[in-house]
Amino acid sequence: MTNLESASLLFSNNLPAFAITRPRAGAGILAHAFWAALARRAASAMSSAVASLVSTTTSLKLVGFRDLKVDTRASFIDDKVIYMSNNASSNHQTVAGVILDLLWEAGVKTTFGIPGVHNLAFWDALGPNRPEIVGVRHEQTTAYAADGVARTTGSLGVALTTTGPGAANTLGAFGEAAISGSPVFVISSEAPIGKRSKDGSRGLLHEMDDQAAMFAPLAKKLAGVSMAISVTDGVTAVDVAAEMIRDLLRAPVGAGYLGIPADVLGQQFTGEKPKLEIGQEVIEVDIAAAQAALADADKIVIWAGGGAVDSSDSLSALATHWNAPILTSFAGRGIAAESELTVVAPIHEPETEAVLAQADALVVFGSQLDGMNTKNWAIAWPKTIVLVDVEPTKTMRNVDPTAVVLNNNINGVAAALVSGTAARESWVDVAAVNKTVRDRLRVGEKSARGIALVEAIEQHWPADGTIVCDMSVCGYWTGVYAVQPRSRRIVYPVGWGTLGFGLPAAIGPAANGSRTLAVCGDGGVAFALGELATIVQENLPYTLLIVDDGGYGMLRYDQQVMGHPERGVDLLSPDWAILAQSFGLSFTETTIEELGDALDLKQPGIILIREKLYPPKSTSPRWNEK
């Protein structure tokens, strides 16, 4: 009998209403996902009358799973839903408190949230050796800021939100993290289990039938199962939280959702806290296929993506061994920054594409080779392509590889390739390529002002600081063309392309203590102007650079290229000086030429430049320009 047949049999019998919990040993995230479906079915079969059921426990065996316990004790009170335990403040051993403990053990020091009546248990559980919760002004910022933390540190970014519309408000930001492969964990309350109807939504505050289903299409998949899970009891909530912390941080990293009923979050935790397991699974390095594919290749190019951001030294060593130029994706900017073989300009510039066109082999580390990074795959591909990735499925939809090295240890694979392949002779002057591109951009009619902005930021923003770009013309220039002295320094939302990302995402690294520059246009920044209050209230080391071109400059250019009338792209801007003053922020209006002086002030606040920039060649309307 299959697991699904077991489930069908279970619910076809006249069993009493019950809540399912599972034993301490656990059965892994796949079992939890399947279990969660059963639990939801069980929850729908409950009614308020089961509050009077006597306590009995039986054991249920499902094929392929460990023993599950069927507990007919009601986990709620009939007339009063409990959101915070009456004695939570004295010992904080609530479900919410134990989850905060797990996050702390995983290295999470800062989370982002908005209190709601259903999730107050998290705020009630705050205390020493637990993460702080930075209060923001919109739920999308909880996930954007968590994403900013995740991308700049490699650690888990955590958003705490509330039932229904609160959770739904995170979806755009959750999608950006998910598509970009950023380890973001959204933990939300859900409608109280003790008040739900067996037949579906009954009109409880913020209630919906299946809150996790909103996140499922975007969440990380583990063996095909979405890591978007709703639970119904405290022990399972804690177990699943521990497993998701582990699995979201394992390559390929991704985003996940955990929903917990409001009346469960504040309950005293009666189980045994699971031991947190952090670390990558060990996969034996086998480069035989790569060795064979590269045996006759003399001119190799390395392509480093977001999955390789922690492999600068090993990729630099491999590049030196092969005399191989290093190209980076948008997410890989700053990888091998100190290597003389790193090509600074993107593949969209003709000099960079010419390097790839001369190569007879391309070795790709941790990149999906997506459309935006490859002009929708219309670049000069070498005849031999080797992929190094733990999950190459998406990349293989985009290219037909000669060989695949299936591994999550890029450092180990790079080291094995150094020792297991022959050295190559130099075949391209990378320094000359970099100089040629930059010199041309400085004098180009469509590029001079954009690259001037880039160079001001390059020269005046500290190497240990962070830069977060929005989907704006100024963000495209900065995110793709600025030379980065290290990886994880710049954040650029090209995964899903979410306009409005910059301002809220920059709150994440700033809250972590990094001096942060957000580079935004006047259109996208308006999505989250309420977060200026967060910046001031939390006293964040945050500078907001706005390049005001009177609206949606990129879309205006799109309309011009298409021959369309300019409609819907001209926007009213506030009086930026008065806006800054109203929040108590410093304000400087300047020019690109004098931007460096404003950045050198090292003063949190708003810097405004009024200028219309041409988009760079990394944007799709310019891909086919000669």
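Below are the figures for this structure:
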read-out: Matching entry among Ile302, Ile347 (being surrounded by fewer than 24 Cβ atoms within 10 Å (Cβ to Cβ) and either in contact with an Asp or Glu (Cβ under 6 Å, 6 or more places away or on another chain) or part of a strand (DSSP E or B) (or both)); value: Ile347
read-out: Residue list for the stretch 397-424, restricted to those being within 18 Å of Ala361 (Cβ to Cβ) and in contact with a Lys or Arg (Cβ under 9 Å, 6 or more places away or on another chain); value: Thr402, Arg424
read-out: Failed item, numbered, when Ser573 is tested on (1) in contact with an Asp or Glu (Cβ under 7 Å, 6 or more places away or on another chain); (2) over 20 Å from Pro493 (Cβ atoms); (3) not in a loop (DSSP other than H, G, I, E, B); value: (3)
read-out: Single unsatisfied condition, Gly465 versus (1) free of Cβ contacts under 8 Å to residues at least 24 places away in the same chain; (2) touching a Lys or Arg at 6+ places or on another chain (Cβ under 6 Å); value: (1)
read-out: Search result, residues across the stretch 142-189 that are of a type in the set (Asp, Glu) and within 19 Å of Ser514 (Cα to Cα); value: Asp147
read-out: Tally, over the stretch 312-328, of residues that are crowded, with 24+ Cβ neighbours inside 10 Å and touching a Phe, Trp or Tyr at 6+ places or on another chain (Cβ under 7 Å); value: 2
read-out: Within the stretch 404-439, tally of residues that are charged (D, E, K, R), in contact (Cβ under 8 Å) with a residue 60 or more places away in the chain and either assigned by TED's automatic domain parsing to the domain that holds Val480 or not in a helix (DSSP H, G or I) (or both); value: 2
read-out: Qualifying positions in the stretch 590-619 - crowded, with 16+ Cβ neighbours inside 10 Å and either under 20 Å from Gly551 (Cα atoms) or among the β-branched types (Val, Ile, Thr) (or both); value: Thr590, Ile592, Ile606, Ile607, Leu608, Ile609, Glu611, Leu613, Tyr614, Pro615, Pro616, Thr619
read-out: Sole exception among (1) crowded, with 16+ Cβ neighbours inside 10 Å; (2) more than 21 Å from Leu595 (Cβ to Cβ) for Leu544, by number; value: (2)
read-out: Candidate set: the stretch 547-572, residues that are of a type in the set (Gly, Ala, Ser) and touching a Lys or Arg at 6+ places or on another chain (Cβ under 9 Å); chosen: the one surrounded by the fewest Cβ atoms within 10 Å (Cβ to Cβ); value: Gly550
read-out: Close pairs (7 angstrom Cβ cut-off, 6 or more residues apart or separate chains): of a type in the set (Val, Ile, Thr) in the stretch 560-571, surrounded by 10 or more Cβ atoms within 10 Å (Cβ to Cβ) anywhere; value: Val561/Pro621; Val569/Gly551; Val569/Tyr552; Val569/Leu555; Val569/Arg556; Val569/Gln559
read-out: Candidate set: the stretch 147-174, residues that are touching a Pro at 6+ places or on another chain (Cβ under 9 Å) and in a helix (DSSP H, G or I); chosen: the one nearest to Gly465 (Cα to Cα); value: Thr152
read-out: Residue that is farthest from Glu531 (Cα to Cα) [pool: residues in the stretch 572-596 that are acidic (Asp, Glu) and without any contact (Cβ under 8 Å) to a residue 40 or more places away in the chain]; value: Glu594
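One line per residue, one yes/no per condition, for (1) under 16 Å from Val184 (Cβ atoms); (2) touching a helix residue (DSSP H, G or I) at 6+ places or on another chain (Cβ under 8 Å); (3) of a type in the set (Phe, Trp, Tyr):
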{"position": "Lys198", "(1), (2), (3)": "no, yes, no"}
{"position": "Leu205", "(1), (2), (3)": "no, no, no"}
{"position": "Ala212", "(1), (2), (3)": "yes, yes, no"}
{"position": "Gly224", "(1), (2), (3)": "no, no, no"}
{"position": "Gly234", "(1), (2), (3)": "no, yes, no"}
{"position": "Ile245", "(1), (2), (3)": "yes, yes, no"}
{"position": "Ala251", "(1), (2), (3)": "yes, yes, no"}
{"position": "Ile260", "(1), (2), (3)": "no, yes, no"}
{"position": "Glu277", "(1), (2), (3)": "no, yes, no"}
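Conditions tested, residue by residue: (1) assigned by TED's automatic domain parsing to the domain that holds Leu171; (2) in contact (Cβ under 8 Å) with a residue 40 or more places away in the chain; (3) outside any helix (DSSP H, G or I).
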| site | (1), (2), (3) |
| --- | --- |
| Leu258 | yes, yes, yes |
| Pro274 | no, yes, yes |
| Ser316 | no, no, no |
| Ile335 | no, yes, yes |
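To keep it simple, each residue is scored yes or no on (1) in contact with a Phe, Trp or Tyr (Cβ under 7 Å, 6 or more places away or on another chain); (2) in a helix (DSSP H, G or I).
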site	(1), (2)
Glu176	yes, yes
Ser182	no, no
His206	no, no
Asp209	no, no
Pro217	no, no
Thr236	no, yes
Ala241	no, yes
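The values are calculated or read from the model by the stated rules, or taken from the named source; none is laboratory data. The model shown is predicted, which means the values in this text are computed figures rather than measured ones. No Cβ is skipped: glycine too gets one built from the backbone with ideal geometry, and neighbour counts run over all protein chains shown.
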